[in-house]
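K.L.:
Before I ask anything, here is the structure I am working with.
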Amino acid sequence: MPHPAPRLYVISDRRLAGGIAGMLDSLCRIAAVLAPGTLAVQVREKDLAPRDIVALARSMVGCLAPWGVPVLVNDRFDLAKASGAAGVHLSSSGLDPVEVRKAYGGIVSVSTHSAAELSRLHPANVDFAVFGPIFDTPSKRPHGPPLGVEALCHAVRVSGVPVVALGGIRLGNVGLLSGSGAAGIATISAVLAAPDPAEAACRMADAAVAARSH
């Protein structure tokens, strides 16, 4: 049975959050103020060694367990298993979600960058897809220009799985996603680098409710 897509999908960046301890503290504060079922968190620290990713994911699972927040590990379902995480997030050029689903019983999400990629996904294999970048963001510039809100709306219409919007989404532009049909919003800096991460997360989650409507 598919797992519901998160309304707010926070992707980790320990540097933005003042280190691992600061990030865990921020995530716990966020989880404490959001309604149950709103939040999911992805461990995405590509420069860490596998054993350090497992240790971080275990810490994150432990601190977020009181609120039932699922933790996903980027790319490596073996590390997700080892850490007790709830799922794995696959890159668009990474492992085949069909094969991952056969080998792994947790949540499976996938990065996508086109409506064609989304149209090929099936809910039997993928719980939700992350689609972007919607707006300009420095980390995605090497991959091409932002896709825009119109492309997001089209992607939602053709996708066989719930779509979570990603890329340059901030409090100043998140309102543009209203009515797009996106199931949720993914963010890094808009929450983790905010002066008050919990307050920023609440505002982003509220905006995601408006985005869900068509």
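K.L.:
How many of the residues making up region 152-184 are out of contact with any Asp or Glu (no Cβ under 6 Å at 6 or more places or on another chain) and in a loop (DSSP other than H, G, I, E, B)? Working first, answer last.
P.N.:
The first filter runs over region 152-184 and keeps only residues out of contact with any Asp or Glu (no Cβ under 6 Å at 6 or more places or on another chain), leaving 152-167, 169-184.
Still in the running and in a loop (DSSP other than H, G, I, E, B): 159-162, 166-167, 169-173, 178-183.
Qualifying residue count for the region: 17.
K.L.:
In region 15-33, which residues are surrounded by fewer than 19 Cβ atoms within 10 Å (Cβ to Cβ) and either closer than 17 Å to ALA200 by Cα or in contact (Cβ under 8 Å) with a residue 60 or more places away in the chain (or both)?
P.N.:
From region 15-33, those surrounded by fewer than 19 Cβ atoms within 10 Å (Cβ to Cβ) are 15-16, 18-22, 25, 28-29, 32-33; that's our starting set.
The answer is LEU16, GLY18, GLY22, ASP25, CYS28, ARG29, ALA32, VAL33.
K.L.:
Turning to a different aspect of this structure: Looking only at region 1-35, count how many residues are touching a strand residue (DSSP E or B) at 6+ places or on another chain (Cβ under 6 Å) and of a type outside the set (A, V, I, L, M).
P.N.:
5
K.L.:
Can you name every residue in region 70-85 that is in contact (Cβ under 8 Å) with a residue 40 or more places away in the chain and aliphatic (A, V, I, L, M)?
P.N.:
Correct list: ALA85 only.
K.L.:
Among the numbered conditions (1) in contact with a strand residue (DSSP E or B) (Cβ under 6 Å, 6 or more places away or on another chain); (2) surrounded by fewer than 18 Cβ atoms within 10 Å (Cβ to Cβ), tell me where THR38 comes up short.
P.N.:
(2)
K.L.:
Let me ask another. Examine region 177-187 for a residue that is surrounded by fewer than 24 Cβ atoms within 10 Å (Cβ to Cβ), more than 30 Å from LYS102 (Cα to Cα) and in contact (Cβ under 8 Å) with a residue 40 or more places away in the chain, and state whether such a residue exists.
P.N.:
Yes; the residues of region 177-187 include at least one that is surrounded by fewer than 24 Cβ atoms within 10 Å (Cβ to Cβ), more than 30 Å from LYS102 (Cα to Cα) and in contact (Cβ under 8 Å) with a residue 40 or more places away in the chain.
K.L.:
Mind checking which residues of region 100-136 are more than 18 Å from PRO6 (Cα to Cα), touching a Gly at 6+ places or on another chain (Cβ under 9 Å) and among the polar types (S, T, N, Q)?
P.N.:
Result: SER119, single match.
K.L.:
Return the only residue of ALA155, ALA183, ALA151, ALA129 being at pLDDT 95 or above and closer than 22 Å to LEU27 by Cβ.
P.N.:
None of the other options fit; the residue is ALA183.
K.L.:
Report whether or not ALA85 is under 18 Å from the mean Cα position of the chain (by Cα), surrounded by 22 or more Cβ atoms within 10 Å (Cβ to Cβ) and of a type in the set (Gly, Ala, Ser). Working first, answer last.
P.N.:
Numbers: under 18 Å from the mean Cα position of the chain (by Cα): yes; surrounded by 22 or more Cβ atoms within 10 Å (Cβ to Cβ): yes; of a type in the set (Gly, Ala, Ser): yes.
The answer is yes for ALA85.
K.L.:
How many residues are of a type in the set (Asp, Glu) and under 14 Å from ALA186 (Cβ atoms) if we restrict to region 86-120? First the steps, then the outcome.
P.N.:
Filtering region 86-120 for residues of a type in the set (Asp, Glu) gives 96, 99, 117.
Narrowing the set further to residues that are under 14 Å from ALA186 (Cβ atoms) leaves none.
Qualifying residue count, region 86-120: 0.
K.L.:
Identify the single condition in (1) surrounded by 19 or more Cβ atoms within 10 Å (Cβ to Cβ); (2) in contact (Cβ under 8 Å) with a residue 40 or more places away in the chain; (3) within 19 Å of VAL126 (Cβ to Cβ) that PRO4 does not satisfy, given that it satisfies every other one.
P.N.:
Tallying (1) surrounded by 19 or more Cβ atoms within 10 Å (Cβ to Cβ); (2) in contact (Cβ under 8 Å) with a residue 40 or more places away in the chain; (3) within 19 Å of VAL126 (Cβ to Cβ), PRO4 fails exactly one: (1).
The values are calculated or read from the model by the stated rules, or taken from the named source; none is laboratory data. Since the structure is predicted, the reported quantities are computational estimates derived from the model, not experimental observations. Because the Cβ atoms are built from the backbone with ideal geometry, glycine has one as well, and the counts that use them run over all protein chains shown.
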